[in-house]
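Read the structure below first, then the notes.
Any read-out appearing in this document is the output of simple, stated calculations on the displayed coordinates, not a laboratory observation. Quick caveat: nothing in here was measured; it's all calculated off a predicted structure. When we count neighbours, we look across all protein chains shown, and the Cβ atoms used for this are built from the backbone with ideal geometry, even at glycine.
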Amino acid sequence: MLLLSITVVKAQYSQPAETLTDKSLLKNYFLQHQELTDAQLQEIKNGRVILELTINESGHTSDFKIIKSLTPDADQEAIRMVKNLIWLPTTKNGNPILDKQEIEVPFHYRNLQRLRSKGYALPLEFADYPSSNSQNIYKFAELEKTPVPILKNSMTLHQYMLSNLIYPEEAFSRSISGTVSLEFVVEKTACHQIS
């Protein structure tokens, strides 16, 4: 008598959530987009905030929890910057799932000062511009008058991007080129979501 037993084992694989930006560019993003004052940064010197956040199946973030704090201002700035990131959700067997993730946000006063002395990472200066709290969204054709630039020196968004975007060295060395398409939502605290 021959007894045959077959066991089927299905492989389980999981991919943790990650940002669309690689780690070296992510560090540059955190360094160049901090909106703390010099006094606030001097108080911190060098340090890091560690956050825990929930990333849903669509890659949207919520439920921010501070694991390691620096100062209340740095903690809120870390949350603001992480909210602007675009995430790929955790996947299990190829299907996106809700998951928690930790991320470290570095603050380096000297590095930021060095960049600012070279003309990079300068804080945006907005012109006095009447604002509305109506939260209405209008199509361009529905406007009574043409929108005016909100940056000082009458710089348009296009001019600002041309003067501040840098072609990545790695892309240049590998002859990578393409088109960048931006969509964003303007909120009272500035651009919230860029995709």
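For Gln113 and Ile66, what is the calculated FRET efficiency with R₀ set at 25 Å and r taken between the beta-carbons, to the nearest 0.05? Provide the component values of the computation, followed by the final result.
Numbers: r = 26 Å, r/R0 = 1.02.
For Gln113 and Ile66, the calculated efficiency is 0.45.
Considering Cα pairs under 8 angstrom that are at least six residues apart, work out the relative contact order of the stretch 16-81 and quote it in whole percent.
Values: 54 pairs, mean separation 20.8, N = 66.
Once divided by the residue count of the stretch 16-81, the mean separation gives 32 percent.
If packing is taken as the average number of other Cβ atoms within 10 Å across a peptide's residues, how do 68-77, 36-45 rank, most packed first?
Numbers: 68-77: 16.5, 36-45: 14.4.
Per-residue mean Cβ counts within 10 Å order the peptides as 68-77, 36-45.
Could you work out how much longer the chain between Ile86 and Gln15 gets when fully extended? Use 0.36 nm per residue separation minus the Cα distance between them, nm to one decimal. Walk me through the intermediate numbers first.
Details: separation 71, 0.36 × 71 = 25.56 nm, distance 1.62 nm.
Between Ile86 and Gln15, full extension yields an extra 23.9 nm.
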